[in-house]
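Engineer: Supplied in structure tokens, the structure appears directly below.
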Amino acid sequence: MIPNLIVPVLNRYDLLQRMLQSLDYPIKHLLIIDNGASKVEEDISVNVPDCVEHTTYLPMPSNLGVAASWNLGIKLFPMDDRWTFASNDMWFHPAQLETLSWASPDEITLMAPFPHWHAFTVGQT
């Protein structure tokens, strides 16, 4: 099981939904940080797959930016030994998400293929 998946989003909620539909491996906690919530007039609703135990949606009053969103995600899960991040505009091929579950807490694990920063895991050491 992946302890957490932190997903910052600014716009293109349709792409966020596509990414969520590609999740096929157990995730304990999904965190969606919505940096564009102040610019959206309608409610945002997405369908989260059954493989996710808990979901938290954080609408931000302004755009934190991706790096600050990543840091916020880490601070919200201080007891986890690693943190997994994904861009909202990517998707996982079948069984690809499972490779991030093998990440060691003492290393950075990048998703293949390029660009690697679309999904990665960072350990606490």
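Engineer: Starting from residues that are open to solvent by 30 Å² or more (accessible area, probe 1.4 Å) and among the hydroxyl-bearing types (Ser, Thr, Tyr), keep the ones in the range 10-31 and report whichever is farthest from Asn63 (Cα to Cα).
Structural biologist: The extreme case among them is Tyr25.
Engineer: Just for the range 90-114: of the residues that are of a type outside the set (Ser, Thr, Tyr), open to solvent by less than 50 Å² (accessible area, probe 1.4 Å) and under 16 Å from the mean Cα position of the chain (by Cα), which one is nearest to Asp34 (Cα to Cα)?
Structural biologist: The residue in question is Met90.
Engineer: Further question: Of the residues Met79, Met90, which is of a type in the set (A, V, I, L, M), assigned to a loop (DSSP other than H, G, I, E, B) and closer than 19 Å to Arg18 by Cα?
Structural biologist: Met90
Engineer: Which number in (1) closer than 17 Å to Phe120 by Cα; (2) touching a Ser or Thr at 6+ places or on another chain (Cβ under 7 Å) marks the one condition that Asn35 misses?
Structural biologist: (1)
Engineer: Tell me, yes or no, whether the range 32-41 has at least one residue that is surrounded by fewer than 17 Cβ atoms within 10 Å (Cβ to Cβ), within 14 Å of Ile6 (Cα to Cα) and β-branched (Val, Ile, Thr).
Structural biologist: No, the range 32-41 contains no residue that is surrounded by fewer than 17 Cβ atoms within 10 Å (Cβ to Cβ), within 14 Å of Ile6 (Cα to Cα) and β-branched (Val, Ile, Thr).
Engineer: Output the number of the condition that Asn4 fails; it satisfies all remaining conditions of (1) farther than 14 Å from Leu97 by Cα; (2) under 13 Å from the mean Cα position of the chain (by Cα).
Structural biologist: (1)
Engineer: If you take the residues in the range 45-89 that are in contact (Cβ under 8 Å) with a residue 60 or more places away in the chain and among the small types (Gly, Ala, Ser), which one is surrounded by the most Cβ atoms within 10 Å (Cβ to Cβ)?
Structural biologist: Residue satisfying both the conditions and the ranking: Ala86.
Engineer: Follow-up. Considering each residue of the range 35-89, count those that are over 20 Å from Thr109 (Cα atoms) and of a type in the set (Phe, Trp, Tyr), and give that number.
Structural biologist: Looking only at that region, the number is 1.
Engineer: So, one more: Which pairs do you get when a residue that is under 15 Å from Thr84 (Cα atoms) and aromatic (Phe, Trp, Tyr), found in the range 1-28, comes within reach of a residue that is assigned to a helix (DSSP H, G or I) and open to solvent by less than 10 Å² (accessible area, probe 1.4 Å), reach meaning Cβ atoms under 7 angstrom, with the pair 6+ apart or on two chains?
Structural biologist: Every condition considered, the pairs that remain are Tyr25/Leu97.
The values are calculated or read from the model by the stated rules, or taken from the named source; none is laboratory data. Here the structure is a predicted model, which is why all the values come from computation and not from measurement. Positions of Cβ are generated from backbone atoms using ideal geometry, with glycine treated the same way; all protein chains shown enter the neighbour counts. Note: accessible area is taken over every heavy atom of the protein model, side chains too, but ligands, DNA and RNA are not part of it. Shrake-Rupley method; radii C 1.70, N 1.55, O 1.52, S 1.80 Å.
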